[in-house]
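Here the structure is laid out as structure tokens; the discussion comes afterwards.
Derivation of every value follows stated rules applied to the coordinates shown; laboratory data play no part. Please read these numbers as outputs of a predicted model, since none were measured by experiment. So basically every Cβ, Gly included, is an ideal-geometry build from the backbone, and we count neighbours across all protein chains shown.
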Amino acid sequence: MSITYLEAIREAQAYLLKNDPSVYIYGQDVGAFGGAFKATKNLAAEFPGRVIDAPISEDAMIGSAVGAAIEGLRPIIEVQFADFSTVGFNQMVNQAATLFWRTEVPCPITLRLPSGGTSGGGPFHSQCLESIYAHFPGLIVCTPATVEDAYSMLIESVTLDDPVVFCEHKYLYFHLKAESLPQEALPIGKARIAREGRDMTIVTYSAMVHECLEAAKEMAQDGIQIEVVDLRTVKPIDTDTIIASVARTGRLLCVAEEWPWGGVNAEVISRVVAEGFNLLDAPPQRINAKDTPVPYHPRLWSVHRPTAQSIVAASRHLLRI
Amino acid sequence: MNQEINRETAEQAYRYMLTARKLDERLAQLYRAGDIFGGVFLGKGQEALSVSVGMVLRKGDVYAPLIRDGAGRLAFGETVLDALRNCLGSPLGPMRARDGNVHRGRPREGSMAMISHLGASISVVNGALMAKRMKGESGFIGAACIGEGATSTGAFHEALNQAAIEKLPLLLVVANNQYAYSTPTTMQFACEKLTDKAVGYGVTAHEVDGTNLESCWNTLQQAAQKARNGEGPQLIVAELLRLCGHGEHDDAHYVTDDMKQSKVGKDCMEQARSLLISQYDFSIEELQAWEAATLKDINQSITTVKQEGGPDPYTHNWNPLATRELSEQPIGTAN
């Protein structure tokens, strides 16, 4: 038996619906159709009245989730593509994110954002928006890279009393597989050492974890041992795990699929420089997507985002080899 | 039960309106005296509509008032003390000095705390109503209050459409007070009447003279009964005039004399006073006694709140999350 990243998300939602009567799912085409990616396949039939089709109204979808959360429910809002969440951005960052701070009433809503690039996705079906959400106080932002994390972090997200932006990567939906669902997991807020190494640290998250692991494997052939830190959560950032890794390796490369200006890479480098400058043997480096809209053609897209090859090149540059 | 206004309810409504008006007047004075941080936004001219919304709601209903709904808030259960604490920045207020003036509420008691983005509260009320339905509750309604300016927002469109699709017991109350800050209605919408918008969404609309308490009361009662009966969202459009600036910083010089002299320019308080005296036989002395009593209450509350002082930024809890351990700025860190 094997289970994909997408199936894990479906299973997590089935688990939540089964075990918590306050959970419901609301989003476009999530009902009988089972969602644009089939992340809610058969759930409407299994849980009548709790998997609800929404009109194409991201603002109203997220706003209504805030109202339902105030009433004690735990909505999961599926936005069809992360890119479309900008239409409901106001409700997430101004309504949901400020509710607890302003009123002491928790806002346990989970915003599922199918994120990131896939071949042929183009400018409006490919975006990584984790950093703009992470910028706002009051939100937790998850970026699972594995089947296990997709499952366990989604369950934990819905259980948390705060609004969570759950950035699930579309590139991982179908081809990333695991043998089984996890029995236990690291909590939200903790990073994971995806591969141990002594020569340099790569801090990354989401689909880029796999590009980095591939790069690390290639570098290992030359005897270079790269440590790969999977952030798992980009808000909060597990600074301790990052600093501890840099203390071991003395070198830092940050890799993210999102655009370069600001963002997770900039934040991580800023923290390491501020809190662990003396640990560094070389200036920290970062690789992001190019600072253009995400291109449509697969040949353009193939070099737009970081890849194992560009990560290897950046690693060699950082190691001066 | 659909209920025409009567002597008892008219008195109750008038007294809320009176308290709201007097509270507004005192807030304006406090603002001019420099006792208030930020702005002061008054509901002068909108009390009849506002109180009719507040009074048609029951415990268990959902209420999202907007900036000129002091009367409705009082009718829905807000205390003068809560209102003043919020406006004067007391840490004991409902928002604990983290938000001010009209941005206040007690969501757990059904009173939503508005954000500044107009139209954004409508879908929040929708969600609360959907949740109540999912939880198996019945007989509830929700009211979201906006001005004509908010009808131009995408949030209004999305939320009214959503309410219609879900057949929610929503009262969407539009106070057409003729100006969104300084923008006249001619630059806000091009349909003949705002109730025309209801047609496009498949919802029932009600028009009402917002300066007349009796009309507002009866219209809100009818609309609420329809909503409670499962007839879906009700759009209520009240025509009135904002008898003050957008905020107290605004002298509203752009409001034309013709507008002030027109039907919408009538003061709902004056009309309500006439209603009580001529139709319900209250004496001028009784009305004066109510006014004195409410002013005394307001002044006592002001004294109390002023003694409470403001928040202490050094001992303040700066954690924005309910899940404290996930806060990136735990208490005690340098900032």
How much FRET efficiency would the formula 1/(1 + (r/R0)^6) give for residue B:249 and residue A:2, where r is the Cβ-Cβ distance and R0 is 60 Å, rounded to 0.05?
0.40
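Provide the FRET efficiency to the nearest 0.05 for the residue B:258-residue B:152 pair, computing r from the beta carbons and using R0 = 30 Å.
0.80
Show me B:237-248, B:277-288, A:240-251 ranked by packing, highest mean number of other Cβ atoms within 10 Å first.
Details: B:237-248: 22.7, B:277-288: 12.2, A:240-251: 18.1.
Highest mean packing first, the order is B:237-248, A:240-251, B:277-288.
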What average number of partner chain Cβ atoms lie no more than 10 Å from the Cβ of the residues making up A:70-76?
6
Run lengths n ≥ 4 of DSSP H only: what is the helix-derived mean residue ellipticity at 222 nm for the protein assembly as shown, with -39500 (n - 2.57) per run over all residues, to the nearest 500?
-11500 deg cm²/dmol
Peptide-level mean, for A:182-192, of C-beta atoms on other protein chains within 10 Å:
1
State the antiparallel share, in %, of DSSP beta bridges confined to the stretch A:192-319, rounding to the nearest 5.
20
For a protection proxy built on the mean count of beta-carbon atoms within 10 angstrom, sort A:143-150, A:89-96, A:217-224, A:130-137 highest first, please.
A:143-150, A:89-96, A:130-137, A:217-224
Would you mind classifying the stretch A:192-319 by shape? Square roots of the alpha carbon gyration tensor eigenvalues, ordered a ≥ b ≥ c; an a/c under 1.5 is rounded, otherwise it is prolate if a/b is larger than b/c and oblate if not.
oblate
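Give me the percent relative contact order of chain A, please, defined on Cα pairs under 8 angstrom at least 6 residues apart.
Numbers: 742 pairs, mean separation 51.4, N = 321.
That works out to 16 percent.
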Helix A:147-159: angle to the longest alpha-carbon principal axis of chain A, degrees 0 to 90, nearest 10?
50
Name the shape class, rounded, prolate or oblate, that the alpha-carbon gyration tensor gives for the stretch A:3-178, where a ≥ b ≥ c are the square roots of its eigenvalues, rounded holds for a/c under 1.5, and otherwise prolate holds if a/b is larger than b/c and oblate otherwise.
rounded
Sort the stretch B:7-326 into rounded, prolate or oblate with this rule: let a ≥ b ≥ c be the square roots of the eigenvalues of the Cα gyration tensor; rounded if a/c is under 1.5, and if a/c is not under 1.5, prolate when a/b is larger than b/c, oblate otherwise.
rounded
Whole-Å distance linking the alpha carbon centroid of the stretch B:133-212 with that of the stretch B:1-41 is 23
If I build a Gaussian network model for chain A, linking alpha-carbon pairs within less than 10 angstrom, which residue out of A:301, A:259, A:101 has the largest mean-square fluctuation?
A:101
For residue A:235, the aspartates and glutamates lying under 17 Å Cα to Cα, once residues fewer than eight places off in the same chain are dropped, come out as A:130, A:149, A:156, A:161, A:162, A:168, A:257, A:258, A:267, B:325, B:328
How many angstrom lie between the C-alpha centres of the stretch A:36-89 and the stretch A:178-192?
25
For A:57-65, A:33-41, B:107-115, ranked highest to lowest by mean beta-carbon neighbours within 10 Å, the order is A:57-65, B:107-115, A:33-41
Roughly speaking, what is the centre-to-centre gap between the stretch B:225-266 and the stretch A:100-152 when only Cα atoms are used, to the nearest Å?
40
Pairs of lysine residues in chain B - Cα separation under 13 Å, sequence separation of 8 or more or cross-chain:
4
Nearest 10, in degrees from 0 to 90: the angle of helix A:239-249 to the longest Cα principal axis of chain A is 20
Counting partner chain Cβ atoms within 10 Å of every residue's Cβ in B:154-160, what's the average?
6
Helix A:58-70 sits off the longest principal axis of the Cα atoms of chain A, rounded to the nearest 10 on a 0 to 90 degree scale, by 70
